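The values are calculated or read from the model by the stated rules, or taken from the named source; none is laboratory data. Worth saying up front: this structure is predicted, and the values here are computed from it rather than measured. Every residue, glycine among them, receives a Cβ derived from its backbone with ideal geometry; neighbour counts consider all protein chains shown. Areas reflect the complete protein model, heavy atoms only, side chains present, ligands, DNA and RNA absent. Shrake-Rupley method; radii C 1.70, N 1.55, O 1.52, S 1.80 Å.
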Protein chains: 2
Amino acid sequence: MSKIKIDQRFSPYQMPCAIIGTIVEGNPNFMLCTWLSRVNRDPPIWMISINKRHYSMNGIKLNNHFSINFPSIELLMKMDYIGITSGKHKDKSSLFNLFYGETKVPMIMDCPLTIEVSVKDLIELSDHFIVLGTAINSFFDEKCQTSGVLDIKKMKPVIYTGVEKNQTYWSLGEKLGDAFKLGKDYKNPLKKKIKRLGN
Amino acid sequence: MSKIKIDQRFSPYQMPCAIIGTIVEGNPNFMLCTWLSRVNRDPPIWMISINKRHYSMNGIKLNNHFSINFPSIELLMKMDYIGITSGKHKDKSSLFNLFYGETKVPMIMDCPLTIEVSVKDLIELSDHFIVLGTAINSFFDEKCQTSGVLDIKKMKPVIYTGVEKNQTYWSLGEKLGDAFKLGKDYKNPLKKKIKRLGN
């Protein structure tokens, strides 16, 4: 294999797509976010990274709460609209059917998974803010269960990749295997030996 | 739609799978990481979140560098083995063909995308460390290009979801559309009106 160096500012990896819900100037507002992750197990802390210029930052700073809404494929068009439209210029408050938890942050009824988050800390970087927040409520859609268990396939989550001038949304593909089980053969030297002999 | 509250410690969303390369006690070591994200554009800063107990943390603290390696499906078994095996008990240094950039951190030849990272900051949470680092080099595999452009489909990235007792690896699915283009119809009220009339 031969390696090529690419511009370090590229990050051509598989990112989750989420819609961040905030209250800005008293009004529900929404932004697209692909730079986010869980960062602590208990308490359940999340981090989202937001460009400093984003309108949503005002709401997060003032209200100390936001929601993380994971849309399904059906919401793709609206999600992308949100990604190219600033709340400074367009009122996005009526795009979705909303529901509320313990706080005033708007949460999107049509998203199969929503996390209501209380801001814990802001870390200022050169062009982004890292926002750390604790999940105070998590909501999953009843329709996205199978036999009472959360079913990821029914969530139909959206994945984003940005490669040079090629920015793309993807669906989730096929199940490859069970995590933290597949690698057990490697752990067992005897099984490994038998496999080798079999080849 | 009806919402069910789930345990906030669950995070049943689509996470990227990466292998973190470190030097621990002079030896290459690897861990599986699904809690990671880009967090700043320029300079290109990444964050990874690592359980405090992980052996790799020692190497990150001492050597101030690590690598983020995005494996393809072919490496699934080894990646999972890494996820269930601590470097405290098993030497993982010979699992992969390695290459090196400007630092001593091991990078995995068979991974289509690798980022060499210099640690910028550590943020201590209750059970995890957030590690912030600046990308100093990014390597993409020549084979994963099409006509000189990075090709995500050829990367064959792995996605992880953890739902209750159901922890799963997935492939990337079908292309759904071009990001930051799909939503333009929503922006154009005339087009929207025509669409509505068409219904």
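Nearest 100 Å² is fine: how much accessible area is buried between A and B, summed over both sides, with a 1.4 Å probe? Working shown, then result.
On the way: alone 13410 and 13420 Å², together 17180 Å².
By this definition, chains A and B bury close to 9600 Å².
Below 13 Å, Cα to Cα, which aspartates and glutamates can A:Lys61 reach? Residues fewer than 8 away in the same chain don't count.
A:Glu25, A:Asp121, A:Glu124
Between copies, how far does the label point of B:Lys175 sit from its twins, in nm, shortest first, when each point is 7 Å from Cα along Cα→Cβ?
Output for B:Lys175: 2.9 nm, nearest copy listed first.
Can you compute the label reach from A:Asn51? Point 7 Å from Cα along the Cβ direction, backbone N cut-off under 18 Å, restricted to region B:35-70.
Under cut-off, by backbone N: B:38-46.
Give me the extension gain from A:Asp7 to A:Val119: residue separation times 0.36 nm, minus the current Cα-Cα distance, reported in nm with one decimal. Kindly include the intermediate steps, with their values, before the conclusion.
Working: separation 112, 0.36 × 112 = 40.32 nm, distance 3.29 nm.
Full-extension gain reported as 37.0 nm.
For B:Lys88, place a label point 7 Å from Cα along the Cα-to-Cβ direction in every copy; what are the distances to the other copies, in nm, shortest first?
5.0
Take the alpha carbon atoms of region B:6-43, find their center, do the same for region B:120-178, and report the distance between the two centers in whole angstrom.
9 Å
Sum -39500 (n - 2.57) across every DSSP H segment of at least 4 residues in chain A, then divide by the residue count to get the 222 nm mean residue ellipticity, nearest 500.
On the way: 5 runs with 34 residues, N = 199.
Calculated mean residue ellipticity at 222 nm is -4000 deg cm²/dmol.
Compare B:Lys104, B:Lys92, A:Lys154 by solvent-accessible area with a 1.4 Å probe and give them largest first, with all protein chains kept in place. Show your work: numbers first, answer last.
Numbers: B:Lys104 165, B:Lys92 5, A:Lys154 90 Å².
Heavy-atom accessible area, descending, gives B:Lys104, A:Lys154, B:Lys92.
Considering only the other residues whose Cβ falls under 15 Å of the Cβ of A:Ile45, what net charge follows from Lys and Arg at +1 and Asp and Glu at -1? Kindly include the intermediate steps, with their values, before the conclusion.
Numbers: positive: A:Arg38, A:Arg41, A:Lys120, B:Arg9, B:Lys52; negative: A:Asp42, A:Glu116, A:Asp121, B:Asp7, B:Glu124, B:Asp127.
Result for the local shell: -1.
Within chain B, which is the longest segment that contains none of the GluC sites (Glu not before Pro) sitting in a DSSP loop with at most 14 other Cβ atoms within 10 Å? Walk me through the numbers on the way to the answer.
Values: sites that count: B:Glu25, B:Glu102, B:Glu164.
That would be B:26-101.
Taking a threshold of 20 Å on the Cα-Cα distance, which of the pairs B:Lys52/B:Lys104; A:Lys90/A:Lys165; A:Lys52/A:Lys88; A:Lys5/A:Lys165 fall above it? Write down the numbers at each step before the final one.
Details: B:Lys52/B:Lys104 22 Å; A:Lys90/A:Lys165 26 Å; A:Lys52/A:Lys88 14 Å; A:Lys5/A:Lys165 17 Å.
Over 20 Å apart, Cα to Cα: B:Lys52/B:Lys104; A:Lys90/A:Lys165.
Between A:Asn58 and the same site in the other copies, what are the distances in nm, shortest first, taking label points 7 Å from Cα along the C-beta direction?
Counterpart label points of A:Asn58 in the remaining copies fall at 5.1 nm.
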